[in-house]
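The values are calculated or read from the model by the stated rules, or taken from the named source; none is laboratory data. None of the values given here were measured: they were computed from a predicted structure. Counting neighbours? That spans all protein chains shown, and the Cβs are built from the backbone with ideal geometry, glycine included. Ligands, DNA and RNA are stripped out before the accessible areas are found, and what is left, the full protein with its side chains, is counted by its heavy atoms. Shrake-Rupley method; radii C 1.70, N 1.55, O 1.52, S 1.80 Å.
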Amino acid sequence: MKITKFPREQREHVINQVQLYFQDERGEELGRLAAEQMLDFFVKTLGPVVYNQAVEDCRKLMLERMSALEDDFYTLEQPLAQHRRSGL
């Protein structure tokens, strides 16, 4: 899955956050275009890494929950009556 576009409000918020970071942490004023380009670079570069890690985390969680659900099903089973055969 490829992220091609953020909703406008979300994109605006992140661009503002990038500009604030540069101002607060580096004392540099970053223009809007530069902040947009930086956002695009990080989305392209880091997006797949973060996405793949999220998928892996979800996969592990799902497997854990499926295992717990399987255990729950075993606890629901009724014991079978033992029949004795006479003469054996």
Query raised in the report: What pairs can you find where one residue is in region 22-48 and touching a residue at least 60 places away in the same chain (Cβ under 8 Å) and more than 21 Å from Pro7 (Cα to Cα), the other is hydroxyl-bearing (Ser, Thr, Tyr) and surrounded by 11 or more Cβ atoms within 10 Å (Cβ to Cβ), and their Cβ atoms are less than 9 Å apart, with a gap of 6+ or different chains?
Result: none
Query raised in the report: loosely packed, with under 10 Cβ neighbours inside 10 Å and not polar (S, T, N, Q), is that true of Val49?
Result: yes
**Report entry** Tally, over region 11-33, of residues that are in a helix (DSSP H, G or I) and open to solvent by 40 Å² or more (accessible area, probe 1.4 Å)
**Finding:** 15
Query raised in the report: Name the residues in region 41-63 that are modelled with pLDDT under 95 and of a type in the set (D, E, K, R), would you?
Result: Lys44
